[in-house]
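Read through the structure below, which is laid out as structure tokens, and then see the notes.
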Amino acid sequence: MSADDTIVALATPLGRSALAIVRIDGPSSVAIAESLIGTIPPPRIAAHTSIYHNGQLLDDCVVTRFVAPHSFTGNDLVELTLHGNPLLVERVIAACVELGARMAEPGEFSERAVLNGKLDLVQAESIADLINARTALQAKLSLSNLEGTLSRKAAAIREALLHVISRLEAALDFSEEGYEFITRGDARAVIEGALADTAALAETYRRGQASQTGLSAVILGRPNAGKSTLLNRLVGSDRAIVTPIPGTTRDIVRETIEIGGLPVTLADTAGLREGAGVVEGIGIERARDAARRADVILYLIDAAVGPTADDELERFPDALVVWTKIDLEPAPPDALGISVTAERGIDTLLSRLDALVRERFAAPEGSLVNERQRQAVAGCAEALRAALASLDAGHDEQLILVDLYRASTSLGLLTGVITRDEVFTEIFSKFCIGK
Ligand SMILES: Nc1nc2c(ncn2[C@@H]2O[C@H](COP(=O)(O)OP(=O)(O)OP(=O)(O)O)[C@@H](O)[C@H]2O)c(=O)[nH]1
Ligand SMILES: [Mg+2]
């Protein structure tokens with residue numbers, strides 16, 4: 001990839017639609033567009049025109065030109081808004097290639113934006129996250145990181161570290177004269193503060209991760225407690241088989257719904273009991289296993305039967321206990337009771353789940369959302385701990401500086417102030433073409 005050639009790609013999904021946008025970016029973008037449409041309009045003024053190539057009318061389009069550095073990529077960029085037909089798009093792109101452009105690689109427009117300083121790495125990643133967001137909360141977090149919330153947090157920590165670094169460096173330069181530019185106590189306070197901020201950032205990862213990948217919830221309880229009935233009610237379709245025969249469900253049945261702004265995959269499981277047959281026994285083991293790995297457990301108790309010796313509530317202390325079939329028998333006072341048959345308590349259950357998910361898993365704005373970001377922050381925290389240990393051991397400035405540089409480099413890699421080729425390739429290869 002080279003940033004000084006001209007690239008072209010479709011920026012909208014390939015298919016039939018009202019419009020399709022073809023982006024041309026790079027030094028020849030204006031010349032290519034001119035050869036297709038004649039005179040190009042002034043910057044940022046959309047103009048309606050026709051596209052001709054080799055004397056043939058290709059389409060009728062709206063053209064918008066952005067002049068460097070005032071474009072998404074920071075280069076000269078032209079957008080052709082065509083009719084949304086793959087055949088037209090293909091012919092226009094082929095014409096651009098004939099005129100000297102090359103097909104863009106995945107993520108290449110965003111990569112150019114980063115190389116030109118229009119976006120940092122976290123912001124570029126947020127574009128991909130925003131496009132792939134599956135819930136309103138995911139979209140909100142991605143948009144917030146695109147606007148720089150996470151980048152600003154990282155920059156603030158890095159600035160504090162650079163402050164200490166520059167003073168320790170100055171002390172080294174003037175060591176003969178015995179000047180001290182920062183006391184060890186002050187340096188320690190700044191490093192401790194930076195470590196606390198870094199740790200807080202690292203903490204957001206689990207939540208940020210949950211907002212990306214979603215949560216898993218498991219419905220547990222004795223046979224016939226009404227687990228499959230509840231799953232069907234929550235997903236709004238007859239997904240799992242319901243019968244009055246205990247032991248109906250064996251394999252796990254999964255469906256994803258949205259709770260608290262996050263995608264939550266609900267698993268309906270085999271009812272827990274002793275002395276089940278081989279097949280059901282395997283199902284019960286799978287249920288216990290899924291529950292051990294679940295983020296949320298709903299434990300159902302049939303109000304008409306009450307808790308029994310087969311119940312395993314004590315194994316799952318974090319479970320949300322729900323009493324079912326309250327149309328037959330009331331739930332104990334203060335317990336959460338539902339009846340799917342009589343449509344009672346379902347709204348309360350949903351709002352309890354909503355609150356639980358938000359409280360335990362919803363990520364604050366500026367959260368770390370991927371492994372690359374987590375590693376960068378973890379690397380910084382580790383280096384800061386080493387710096388503190390060196391300070392406590394009374395080591396000289398040079399040793400402390402090594403760790404402080406490591407910490408600030410780690411944060412620099414997060415936002416891309418410092419770049420490494422492999423970081424770039426790794427990030428942008430995950431994009432689709434046209435971004
Ligand atoms: N009266 C009443 N019956 C219910 C209610 N919910 C479920 N049932 C009945 O209870 C029986 C068992 O329901 P299921 O949903 O299959 O129970 P389960 O927990 O999935 O059972 P297993 O798969 O065997 O572990 C069925 O006959 C349902 O119609 C309810 O709210 N009220
Ligand atoms: Mg069932």
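Worth pointing out:
- Contact order for region 132-244, expressed relative to its length and based on alpha carbon pairs under 8 Å spaced 6+ residues apart, stands at 19 percent.
- Where labels lie 7 Å past Cα in the beta-carbon direction, separation of residue 190 and residue 329 in nm: 6.8
- Applying both filters, DSSP loop and at most 13 other Cβ atoms within 10 Å, to the chymotrypsin sites (Phe, Trp or Tyr not before Pro) of region 135-193 gives 174, 179.
- Nearby lysines by direct alpha-carbon distance to residue 325 (threshold 17 angstrom, same-chain neighbours under 8 apart not counted): 227
- Of the Cα atoms belonging to the chain, the radius of gyration and Dmax stand at 29.3, 89 Å.
- ³J(HN,Hα) computed for each position of region 259-274 - Karplus, 6.51 cos²θ - 1.76 cosθ + 1.60, integer Hz, glycine/proline x: 10, x, x, 10, x, 10, 8, 8, 10, 8, 10, 5, x, 7, 7, 7
- Compactness ratio for region 1-127: Cα radius of gyration over 2.2 N^0.38 Å (N = residue count) comes to 1.00.
- For region 328-368, GluC sites (Glu not before Pro) are listed when DSSP marks them as loop and at most 12 other Cβ atoms sit within 10 Å of their Cβ; the list is 343.
- The alpha carbons of region 327-409 stretch over 75, 25, 16 Å along the principal axes, in descending order.
- The slack between residue 239 and residue 314, meaning 0.36 nm per residue of separation minus the straight C-alpha distance, is 24.1 nm.
- Residue 5/residue 70 FRET efficiency (R0 30 Å; Cβ-Cβ; nearest 0.05): 0.90
- Here the dipole of region 177-241 is about 880 debye; that uses its Cα centre as origin and unit charges on the Cβ of Lys and Arg (positive) and Asp and Glu (negative).
- Taken along the Cα-to-beta-carbon direction at a fixed 7 Å, the label points for residue 169 and residue 336 span 5.5 nm.
- Centroid-to-centroid separation of region 108-167 and region 292-313 [C-alpha atoms, Å]: 43
- The separation of region 58-99 from region 38-57, counted between C-alpha centres, amounts to 10 Å.
- Here the Karplus relation 6.51 cos²θ - 1.76 cosθ + 1.60, evaluated at θ = phi - 60°, turns the backbone of region 312-317 into coupling constants of 10, 4, 5, 6, 10, x Hz, with x for every Gly and Pro.
- Our estimate of slack between residue 105 and residue 57, defined as 0.36 nm per intervening residue step minus the Cα-Cα distance, is 14.5 nm.
- Volume per residue for region 94-160 equals 100 cubic angstrom (convex hull of Cα atoms).
- Equivalent-ellipsoid semi-axes for region 167-299 (Cα gyration tensor, √(5λ), whole Å, largest first): 57, 16, 9.
- Distance from region 170-213 to region 247-265 (C-alpha centre basis), Å: 43
- Take every DSSP beta bridge whose two residues both sit in the chain; close to 65 percent of them are antiparallel.
- Counting DSSP beta bridges with both ends in region 279-435, the antiparallel % (nearest 5): 10
- Mean projected area in nm² (Cα convex hull; one quarter of hull surface) for region 252-373: 9.6
- Residue-span extension gain [residue 152 to residue 180] - 0.36 nm each, minus C-alpha spacing: 7.0 nm
- Viscosity 1.567 mPa s, temperature 4 °C, Stokes-Einstein D of region 79-225 from Kirkwood C-alpha radius, µm²/s: 63
Each reported figure results from applying straightforward, stated rules to the coordinates on display, with no laboratory input. Predicted model, so just to flag it, every value in this text is computed and none were measured. Glycine also receives a Cβ, built like all others from the backbone with ideal geometry; neighbour counts cover every protein chain displayed.
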